[in-house]
């Protein structure tokens, strides 16, 4: 009997750079990436990909598992004049609904995300005076049950504010003790009316617990740009390079090119990343320009069928296509680069996902029936095969033998 050196081999795979290889997987990680022409010993299982394109597992850098109502009873969207009003509408819905997150839509969203090739994500969970720590406890349980299929980071998110809702600071402290991976924040000026007060709490909690930071920043104009500067300054002072993300950063859309260049340099040097969902309207940061300036930008789906937004797309290939369309990208290299924002960049900038197909990396892989990356994006392809933690979790062609 021949000893098997790997649990699974993906033979005749095509990488994004065009190389034909065999990818060997053992103990949930990539054991080797070999030329397809090299003679190899038997594997426990082998799939002939016949030249199909393989990418690292895709990453959704920003989602709200505790908010989604995907798969549950339709709730007509209710307009709100402000972010504060939207927050109160959602809190009222939660008081009335009292639905476990699994039943409300969290599990349905995870299932849909996985089908679209997402194998890692960062979810924010509301920590406020209504939910307190209940939703966090539910998501910690859900994360444990999904650990073999999805790598999940959890952000303790003070949606009702920190200074404006005094009990929240204590809840955030306890949330980090319970197992939340990051501390969040929200519009220090727009929601709390106290930029330094909120940032003092957020950064001190991050230091106390040794956690990273992900702050929602919807505030636009000069106030929003000043808040970005303040976050950058605190990141430098705290030695937190590579551990701070600003989600949305709408104010960057308001900066002229000179101001944008100055802020981009500061973001790059401080190691502060930007998360964007590629929103509609005029509030989307200029992603291609930020990329040119060396800022780490990664993508997320944000709100998926919830009180904030009834319409969104779940797949990260779709998100790359949204960016391609919005910014008028035409060349193959431009289109292909958008996939970096859901693979390599979140891995490097936020510790999310494997990012690369190299020995030692977690074996999260998505396989497409495509010749090259631009084809995947413009056709908004669904993966034909998905491997998570070394195990096949989706196989639309059932090609294993």
Any idea how many residues of the stretch 283-298 are surrounded by fewer than 18 Cβ atoms within 10 Å (Cβ to Cβ) and closer than 24 Å to residue 125 by Cα?
1
Is it the case, given these coordinates, that residue 140 is farther than 25 Å from residue 383 by Cβ, in contact with a helix residue (DSSP H, G or I) (Cβ under 7 Å, 6 or more places away or on another chain) and in contact (Cβ under 8 Å) with a residue 12 or more places away in the chain?
yes
Looking at 49, 70, 8, 53 in this structure, which one is closer than 26 Å to residue 298 by Cα, surrounded by 14 or more Cβ atoms within 10 Å (Cβ to Cβ) and either at pLDDT 95 or above or over 26 Å from the mean Cα position of the chain (by Cα) (or both)?
53
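It is to be established whether one or more residues within the stretch 363-373 are farther than 19 Å from residue 51 by Cβ and not assigned by TED's automatic domain parsing to the domain that holds residue 115.
As a first pass, look at the stretch 363-373 and keep what is farther than 19 Å from residue 51 by Cβ: 363-364.
Narrowing the set further to residues that are not assigned by TED's automatic domain parsing to the domain that holds residue 115 leaves 363-364.
Within the stretch 363-373 (the criterion being farther than 19 Å from residue 51 by Cβ and not assigned by TED's automatic domain parsing to the domain that holds residue 115), the answer is yes, since at least one residue qualifies.
Does residue 221 meet the test of being in the same structural domain as residue 339 (by TED's automatic domain parsing) and more than 20 Å from the chain's Cα centre (by Cα)?
Details: in the same structural domain as residue 339 (by TED's automatic domain parsing): yes; more than 20 Å from the chain's Cα centre (by Cα): yes.
The answer is yes for residue 221.
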Some residue of the stretch 260-281 being within 21 Å of residue 318 (Cα to Cα), modelled with pLDDT under 95 and in contact with a helix residue (DSSP H, G or I) (Cβ under 8 Å, 6 or more places away or on another chain):
no
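Please verify whether the stretch 52-70 includes one or more residues that are in a helix (DSSP H, G or I) and either closer than 30 Å to residue 391 by Cβ or out of contact with any strand residue (DSSP E or B) (no Cβ under 9 Å at 6 or more places or on another chain) (or both).
Applying the first criterion (in a helix (DSSP H, G or I)) to the stretch 52-70 yields none.
No, that holds for no residue.
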Yes/no for residue 186 being under 18 Å from residue 133 (Cα atoms), touching a residue at least 60 places away in the same chain (Cβ under 8 Å), touching a strand residue (DSSP E or B) at 6+ places or on another chain (Cβ under 8 Å) and in the same structural domain as residue 282 (by TED's automatic domain parsing)
no
Taking the residues in the stretch 270-282 that are more than 16 Å from the chain's Cα centre (by Cα) and either surrounded by 17 or more Cβ atoms within 10 Å (Cβ to Cβ) or free of Cβ contacts under 8 Å to residues at least 24 places away in the same chain (or both) as candidates, determine which candidate is nearest to residue 321 (Cα to Cα).
280
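The rows are residues; the columns are (1) farther than 25 Å from residue 215 by Cα; (2) in a loop (DSSP other than H, G, I, E, B); (3) in contact with a helix residue (DSSP H, G or I) (Cβ under 8 Å, 6 or more places away or on another chain); (4) not assigned by TED's automatic domain parsing to the domain that holds residue 167.
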residue	(1), (2), (3), (4)
86	no, no, no, no
90	no, no, no, no
96	yes, no, no, no
102	yes, no, yes, no
110	no, no, yes, no
113	no, no, no, no
121	no, no, yes, no
129	no, yes, yes, no
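Looking at the stretch 16-35, which of its residues are loosely packed, with under 14 Cβ neighbours inside 10 Å and without any contact (Cβ under 8 Å) to a residue 40 or more places away in the chain?
Correct list: 17, 19, 35.
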Among the residues of the stretch 248-262, how many are assigned to a loop (DSSP other than H, G, I, E, B) and surrounded by 18 or more Cβ atoms within 10 Å (Cβ to Cβ)?
3
So residue 39, is it part of a loop (DSSP other than H, G, I, E, B), on the phi > 0 side of the Ramachandran plot and over 28 Å from the mean Cα position of the chain (by Cα):
no
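The values are calculated or read from the model by the stated rules, or taken from the named source; none is laboratory data. Given the structure is predicted, the values throughout are model-derived calculations rather than measurements. Counting neighbours? That spans all protein chains shown, and the Cβs are built from the backbone with ideal geometry, glycine included.
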